[in-house]
Structure formats: C-alpha cells, structure tokens
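One structure is given here, and the rest of the page talks about it.
Derivation of every value follows stated rules applied to the coordinates shown; laboratory data play no part. Every value quoted in this text rests on a predicted model; they were computed, and no experiment measured them.
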Amino acid sequence: MKYEKIHACRNDCCLFRKELSDANVCPSCGMSRWKIPKNSKKEVKNVPVKVMWYFSPIPRFERMFRSKETSKLLTWHDRKREVNDLLQHPKDALSWKKIDNLWPEFGSEPRNLRLALSTDGVNPHGDLSSRYSCWPVMLVTYNLPPWLCMKRKFLMLTALISGPKQPGNEIDVYLAPLVDDLKILWHDGVECYDAYQDQCFRLKAILLWTIKDIKDI
C-alpha cells in the first residue's frame, strides 16, 4: 500500500507540505522542522522531529470496485431488503435521507460512498509505562451491509499521527491531506471501473458522520 510521509511541526501548527514543503522552520511558532539531539544545539538535517503517514483512500476505493464481490456489496443498501420503521442500516437514518434530498444527483447513484471518520489514540506496544503513542485516522464505508462495514477488512486506515502526545484540538492540521482527497471525491469524483456491472462510472463520496470520544474534536 502506497503512503506519503509528511513532516509536521513539533507543536502541531502545520504540516510541511505544499507551499511549506521546503521550509525548515514552522511559520507559526518558529520551531525547527529537524531534530536536535540531547546535549547539542545543532540540528540533524533530514531527521524530522515529527512525522505523519498518509494513505490516500482514493486508490483503495477504486480497487474495491474492481472486485466483483465487493462492488456488489457496496450497493447492497439499494437492493431489495426488509424496510420497516426500524433503523437497520445507515440508509434508514434521517441524515442519509437528507443528503438524498439536498443533492438528488448524488443520491441517485447507489455506488456513491457514504463515509464516517474515526480517530483515537493507541499505544501500539501495549506498554503502560511507555510515553510513545500514535493516532490512527480511519474511514468507515457505510454502503456496505451492517455486518461488514466494521470488519477489519473494510476499515480503511488513512493517516497515522506519531506521538508521544495527542494532537488534541490541532488534529485538523493532520486531517488536511484527507480533506483534500474528500473534496476531490465530492466535487469532481474519480473515474472508476465497476467489475460487478462491467462499466465505468464517476465515483463520488461524502463524509456523513464522525465517530469520536473526545468533546468538540
């Protein structure tokens, strides 16, 4: 799986990308982009103080539709299923229906993706005494049947933010690459091949929900 390694400000002010890709200091706090070893005042060039890894979801969405089985599952919500007054699938939710009403062209294509974003801190080594932690950012695809959308196979890692401290209110800085991709998927979409229907179509997506346990993230 391809990924992009992006340097970050030690104070979570910015990512060194786009117009800041060649910068050596943060334009907000003035801190160096590079590590300074203990007992030294000299920077170690090409060794960033903080890094995030970004995994673009677009190629993986395209790959999902290139599988006949998965492509069929992604339109399960639009095919015949028991409909009643119960909330059995996210399609039954008012927010899903509101999207259909506000943007009927988007809603009329059942292959367009409805996504949720989730993030939380983890200690990858399970050592409670360790200060090292990281924050994965996941996407959930709610087009899938409810018994599959939360399965490990379909949970999509889009970013990994390195520790040791949590990004807190500055997490929006780290979400910028994902937001750029989501804008592409919403405004223009991407040309995609559907193996189940054996045709190409323009795939679009919308971020419908967030899943979190931190207030006002």
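For this structure, a couple of remarks:
- For K35, distant residues with modelled amide H under 5 Å away: V44, V47, V49
- Count of lysine pairs in region 1-54 with Cα separation under 14 Å (8 or more residues apart, or interchain): 4
- The mean sequence distance of close C-alpha pairs (under 8 Å, at least 6 residues apart), as a share of the length of the chain, puts its relative contact order at 22 percent.
- Equivalent ellipsoid dimensions for region 58-211 as semi-axes, Å, which come from the Cα gyration tensor, largest first: 30, 17, 16
- Amide H partners (placed H, <5 Å) of A159, local residues excluded: F55, V137
- Close Lys pairs in region 134-217 (alpha-carbon distance under 21 Å; sequence gap of 8 or more, or different chains): 5.
- Backbone geometry of region 149-156 corresponds, through the Karplus equation with coefficients 6.51, -1.76 and 1.60 at θ = phi - 60°, to 3J(HN,Hα) couplings of 5, 9, 6, 4, 4, 9, 6, 10 Hz, x marking Gly and Pro.
- Listed values for region 71-77 are Karplus-derived 3J(HN,Hα) couplings in whole Hz (6.51 cos²θ - 1.76 cosθ + 1.60, θ = phi - 60°), namely 4, 5, 5, 5, 10, 4, 5, and x replaces Gly and Pro.
- Dividing the summed helix terms, -39500 (n - 2.57) for each DSSP H run of n ≥ 4, by the number of residues in the chain produces a 222 nm estimate of -5500 deg cm²/dmol to the nearest 500.
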